[in-house]
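Comments concern the structure below.
The values are calculated or read from the model by the stated rules, or taken from the named source; none is laboratory data. Worth saying up front: this structure is predicted, and the values here are computed from it rather than measured. Please note: Cβ atoms are built from the backbone with ideal geometry, for glycine as well, and neighbour counts cover all protein chains shown. SASA here: full protein model, heavy atoms, side chains in, ligands and nucleic acids out. Shrake-Rupley method; radii C 1.70, N 1.55, O 1.52, S 1.80 Å.
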Amino acid sequence: MAVFVPTSLEELLTARAERPGLDLVAGGTDLVVEVNFGRHRLEDVASLSRVPELGGWRREGPAGPGGHLVLGSGLTYTEMLDPTLAELLPSLAQAARTVGSPQIRNAGTLGGNLGTASPAGDTLPVLAALEAEVLLGSAAGTRLVPLGEFVTGPKRTALAPDEVILAARVPVARGHQEFLKVGTRNAMVIAVCSVALVLDEQARQVRVGLGSVGPVPIRALEAERFAAEVVDWSTGRFSGGEADLRRFGELVGAAARPIDDHRSIASYRRRAVEVCARRALERTMSRQAA
Amino acid sequence: MGTAPTVARRDRLGLGTSPLRPDGGPKVRGEFAFSSDLWAEGALWGRVLRSPHASARILRIDTAAARALKGVHAVLTALDVPGSELYGLEFQDQPVFASDVVRYMGEPVAAVAADHPEIARRALELIEVEYEPTAPLVDPEAAITAPPIHPEGNVVRHIRLRHGEDAEPGLPGGDGLVSVEGTYEVGMQDQAFMGPESGLAIPDDGGGVDLYVSTQWLHVDRDQVAACLALPPEKVRLHLAGVGGAFGAREDVSLQVHICLLALSTRRPVKVVYSREESFFGHVHRHPARMWYRHSADPQGRLVKVEARIVLDGGAYSSSSSAVVSNAAAFSSGPYRVPNACVDAYAVRTNNPPCGAMRGFGAVQVCTAYEAQMDKLATALDLDPVELRLRNALASGDRLITGQVINGTAPVAEVIRRCAAAPLPEARPHPPAMALPGGAGRTADPARVRRGVGFAVGFKNLMYSEGFDDSSSARCRIEGGAITVTCAAAEVGQGFVTLVHQIAEDVFGTDGVVLAPAETATVGSAGSTSASRQTWMSGGAVDAACRAARDALCGRVAARHGLSPEMVSMRDGRVVSLGREVDLTLDEALAGDVVDESVTFRHAPTVPLDDKGQGDAHVSFAFAAHRAVVDVDVDLGLVRVVEIATAQDVGRVLHPLQVVGQIEGGIAQGVGLAVMEEILVTDGLVRNPSFTDYLIPTALDMPVVEIAGLVEEPEPGAPFGAKGVGEPPTISSTAAVAAAVRAATGLELPRVPIRPEHIALAAQ
Ligand SMILES: Cc1cc2nc3c(=O)[nH]c(=O)nc-3n(C[C@H](O)[C@H](O)[C@H](O)COP(=O)(O)OP(=O)(O)OC[C@H]3O[C@@H](n4cnc5c(N)ncnc54)[C@H](O)[C@@H]3O)c2cc1C
């Protein structure tokens, strides 16, 4: 077993082109667990932590609507909690705060969450609601893939053997964002289900991403259309009544495709996304994201 | 808030102060060597092959391919066990390796030793085991009458307890009696210690072996290992290696026999460290329970009769099931005066994971049921739950449902009063999201959070019961100016190593005493670090040994100086006469000689329960009360335990900080059982053998612990008057949390752990 520590993207992509399927390790918080459980045997492996092009985040285009935020695949959860970024992407910061423990948040990365593509990956419903695209790179060039096409199944992605996840590209949206995650303990828990809600005042859209209630992150499109009608777009706040909240919750619940497993049961998961969805929409009235 | 003592420089030595643990600094700095950190030159790595089936016949085992793998030094199966094929704590009914049938998922079938853990893992993959799976017996109720899954039968023990004039099944007669009934369940809890099973075995040249291992009882391990190895006990020397928690899970043998077999057959040191997953299969768990109860009381709320049927699932092998079910029966009606009782308690075999000792040992399960019953009774009688408990509280001189009269202290009313008197925590007007149910997940809507308060009282026995010859040995040697105490008591985190120093300080007036490592070669058995017994038993033994050594030394000095023995004593580590005419250092006092005193300490004898579950089976009892305050998100069913107030009967506080440590830790485990901790088993297969999915409380799940009272009524007959404090904190904390969640939701919630769906899907 050989370990490569490339110090530039070019070096990394060349190594990946020469050895398709070369294992990549970022924070190692998923990969090493797989190895320890004997579900994955490491052959040659390349570390991503010294590749500067994969770190950090930057703006692309205008600062407001129309612009994008490009989040490097090496971005850690702790970095997602940095106030500057958290203000731009509050739902991502909220999701990051629910991940693991401080140690895991210091090591675990966005790219790793995407690479694993677990149905319980906490950034995935957020990225779905943000309508993010995944930027993939190989020695042959780069391509942008919408999140919904990138995640092809539970723990399955469209990543080619010679590719590397470079970044997630997120359109800038003005408006309230929420992320709620249900787990059986108050911290450091895998999602039983999660709901991300993003208001895009420019596009007059409410977008909802659901986690852990299907093989891949789910968009609740019908609920989104309904919600757009009950938001006062002059203020960006929910302006309906109790019946609207209930209806919204039901529509979100109907979009879920939960299963029974050792973490919960399908009927609870459906109920819980209903409750979380209506609470998320209701919270837009207070407009405090934190 | 609370009465948690801070550690200050001590202005005096001895019992009652809070010296720092000698191993505390190294543990906090990460320098403490746990059993998994041990290494010896040339050591091999051992691993165990386990059954993937809960129930199967073994048709064939072929180890040839594994043996042929380069780097593999031994592949052992049942055929390679030279001595007893079976081991066990109470009955020898568990095979070292399964050979014809496997009775639970994870049962050992073979073991390998190899140059590297990865080679060992690959070797396991190369062992061919042909199984013929059979339908597992997984319903403990059905097990009572089902065809036996083990030659010893399915019912490990049935206790048919009949007490009082109205002891047969059926409602009592009488005017205005109120009866309440319920069926309760407790899931399978794991001890979830941090340090997985691990050890290092080093063979010697004479066919013997030294085993460094984390365990709760060195000598009982030694005897079981020696029997399986067909060696005389003195050829098997056990040494306590750094223990990362125990809670009952290290009472049974796990890797001990396998690792010694591997070391003896390869003539190389062998190291074994279980992974976290393997650890879930490597030790016993807390018995899941199903319990039917009927309580009857008079209109004043005085209990008239308790009827119960209790079924504990012991899993495939007996472990300590017979003692656990004895406790479950004896404590089945709680710390209350109950004139008539009719209790049938069973521990049965199934093809589920074996269950045995865990903190609280049979008393925890029944407490969740009888305390739920007391609340139902309070509602039926329209009485305050605390008042109902006070009206029935046991006191010294009362009789238990086993017929035993409590001769020691029983401040039940006092712990109830002190706990109930603690001020309730204020509801915060604008709690941060982290402090609400759901915590970091930000799910709570404060308008949909309900607060509930629940109260529970529990008790259990201290020390071993039912006629067991329970003893502890200690040795004190004074030589060349040094005082050395030797005792085989296993330090598993509880703080015995601190206590020994405090005891010796009181005897010798100096803090310079050395505690020798715990092992089996130079000192007798200290008994198990369990049953809240080491402070009493090994504390008593160490105290007696130190006193014997001191008195021997002082006696010699007195004789040498023509003084009567009572004229000479020890002060500040020096041997002095009353008027200080004689004032000697230890070295001077010894005058080239050595003092070496060994003592074996025993508690008062007990007797087994008779065929009606009656008898003076127990030595002493400890009591505690818990009041839980919870916030519940009634839509999502998420629970936040806000605070637990507690008062505990401790006899005497010997180390204030360690008492608080036991209370907080015990409450953490009690909270865990109430709202999250459960090994999920389907058709005998464990579904969550990891800390990813076996959830234990984090700092955000741990409530504020308010110690409302440490009730100090010295226990007659106990060394220092102190009662063990380790178990009571877990016994009623679970029941209190469950009661609080019921109060918040209005739901019956007869099962722990309470899962979110039990609340969210029950509500309208
Ligand atoms: C204790 C614990 C708690 C956890 N809690 C949570 C939680 O609450 N929520 C949650 O969502 N997850 C959780 N996780 C899972 C894990 O931390 C996250 O999925 C994390 O984002 C993984 O990132 P990483 O950098 O550690 O990935 P790694 O383990 O390094 O990699 C994961 C996978 O992605 C691939 N990969 C990584 N980077 C790239 C890249 N740039 N291009 C292509 N492929 C790549 C790797 O090859 C590998 O297959 C937890 C894990 C642990 C151990």
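Give just the number: which of (1) surrounded by fewer than 22 Cβ atoms within 10 Å (Cβ to Cβ); (2) among the acidic types (Asp, Glu); (3) in a loop (DSSP other than H, G, I, E, B) does B:GLU664 not satisfy?
For B:GLU664, the exception is condition (3).
Looking at the structure I just gave you, is B:GLY452 within 14 Å of another protein chain (Cβ to nearest Cβ) and within 30 Å of B:VAL641 (Cα to Cα)?
Numbers: within 14 Å of another protein chain (Cβ to nearest Cβ): no; within 30 Å of B:VAL641 (Cα to Cα): yes.
No, not satisfied.
Sort out which residues of segment A:113-146 are in a helix (DSSP H, G or I), more than 14 Å from every other protein chain (Cβ to nearest Cβ), more than 6 Å from the ligand (Cβ to nearest atom) and more than 15 Å from A:ALA160 (Cα to Cα), and write them in order of number.
Just the residues of segment A:113-146 that are in a helix (DSSP H, G or I), to begin with: A:113-116, A:123-129.
So of that shortlist, the ones also more than 14 Å from every other protein chain (Cβ to nearest Cβ) come out as A:113-115, A:123-124, A:127-129.
When the remaining residues are screened for being more than 6 Å from the ligand (Cβ to nearest atom), the result is A:114, A:123-124, A:127-129.
The answer is A:THR123, A:LEU124, A:LEU127, A:ALA128, A:ALA129.
Only one residue in B:PRO425, B:PRO517, B:PRO437 is of a type outside the set (S, T, N, Q), within 14 Å of chain A (Cβ to nearest Cβ), in contact (Cβ under 8 Å) with a residue 40 or more places away in the chain and part of a loop (DSSP other than H, G, I, E, B). Which one?
Residue meeting the stated conditions: B:PRO437.
Only one of (1) away from the ligand (no atom under 12 Å from the Cβ); (2) surrounded by 24 or more Cβ atoms within 10 Å (Cβ to Cβ); (3) within 12 Å of chain B (Cβ to nearest Cβ) is not met by A:ALA191, so which one is it?
Evaluating A:ALA191 over (1) away from the ligand (no atom under 12 Å from the Cβ); (2) surrounded by 24 or more Cβ atoms within 10 Å (Cβ to Cβ); (3) within 12 Å of chain B (Cβ to nearest Cβ) leaves (1) as the failure.
Hey, among A:THR109, A:THR123, which residue is crowded, with 22+ Cβ neighbours inside 10 Å and out of contact with any Ser or Thr (no Cβ under 8 Å at 6 or more places or on another chain)?
A:THR123
Please verify whether A:ALA160 is within 21 Å of A:ASP23 (Cβ to Cβ) and part of a loop (DSSP other than H, G, I, E, B), treating the condition exactly as stated. Walk me through how you get there before you give the answer.
On the way: within 21 Å of A:ASP23 (Cβ to Cβ): yes; part of a loop (DSSP other than H, G, I, E, B): yes.
Considered against the rule, which asks whether it is within 21 Å of A:ASP23 (Cβ to Cβ) and part of a loop (DSSP other than H, G, I, E, B), A:ALA160 comes out as yes.
Please go through segment A:89-112 and pick out each residue that is within 7 Å of the ligand (Cβ to nearest atom) and touching a residue at least 40 places away in the same chain (Cβ under 8 Å).
Those that are within 7 Å of the ligand (Cβ to nearest atom) and touching a residue at least 40 places away in the same chain (Cβ under 8 Å): A:THR98, A:GLY100, A:SER101, A:ILE104, A:ALA107, A:GLY108, A:THR109, A:LEU110, A:GLY111, A:GLY112.
So which pairs qualify, if the first residue must be in segment A:61-77 and within 14 Å of chain B (Cβ to nearest Cβ), the second must be within 11 Å of the ligand (Cβ to nearest atom) and at pLDDT 95 or above, the Cβ gap must be under 6 Å, and the two must be at least 6 apart or on different chains?
A:TYR77/A:ALA96; A:TYR77/A:VAL99; A:TYR77/A:ARG105; A:TYR77/A:GLY108
I need every pair where a residue in segment A:209-231 that is outside the structural domain of A:THR116 (by TED's automatic domain parsing) and without any contact (Cβ under 8 Å) to a residue 12 or more places away in the chain has its Cβ under 9 Å from the Cβ of a residue that is open to solvent by 30 Å² or more (accessible area, probe 1.4 Å) and part of a helix (DSSP H, G or I), sequence separation at least 6 or different chains.
A:GLU229/A:ASP244
Are there any pairs, at least 6 apart or on different chains, whose C-beta atoms fall under 7 Å, with the first in segment B:635-648 and within 11 Å of chain A (Cβ to nearest Cβ) and at positive phi and the second surrounded by fewer than 24 Cβ atoms within 10 Å (Cβ to Cβ) and charged (D, E, K, R), and if so, which?
These pairs meet every condition: B:GLY637/B:GLU757.
From A:VAL25, A:VAL45, which residue is near the ligand (Cβ under 9 Å from one of its atoms), within 24 Å of the chain's Cα centre (by Cα) and not assigned by TED's automatic domain parsing to the domain that holds A:ALA140?
A:VAL25
In the list B:CYS476, B:CYS419, which residue meets the criterion of being buried (at least 24 other Cβ atoms within 10 Å of the Cβ), in contact with a strand residue (DSSP E or B) (Cβ under 7 Å, 6 or more places away or on another chain), among the hydrophobic types (A, V, I, L, M, F, W, C) and outside the structural domain of B:CYS367 (by TED's automatic domain parsing)? Lay out the reasoning, then the answer.
On the way: B:CYS419 fails: outside the structural domain of B:CYS367 (by TED's automatic domain parsing).
When all the criteria are applied, what remains is B:CYS476.
Condition first: more than 12 Å from every other protein chain (Cβ to nearest Cβ) and either assigned to a helix (DSSP H, G or I) or among the polar types (S, T, N, Q) (or both). Now tell me which residues in segment A:247-282 satisfy that.
Hits for segment A:247-282 are A:ARG247, A:PHE248, A:GLU250, A:LEU251, A:VAL252, A:GLY253, A:ALA254, A:ALA255.
What are the residues in segment B:715-762 that are within 14 Å of chain A (Cβ to nearest Cβ) and more than 20 Å from B:PRO385 (Cα to Cα), if any?
B:VAL752, B:PRO753, B:ILE754, B:ARG755, B:PRO756, B:GLU757, B:HIS758, B:ILE759, B:ALA760, B:LEU761, B:ALA762
So B:GLU566 passes all but one of these: (1) under 23 Å from B:GLY14 (Cα atoms); (2) in a strand (DSSP E or B). Which condition number does it fail?
(2)
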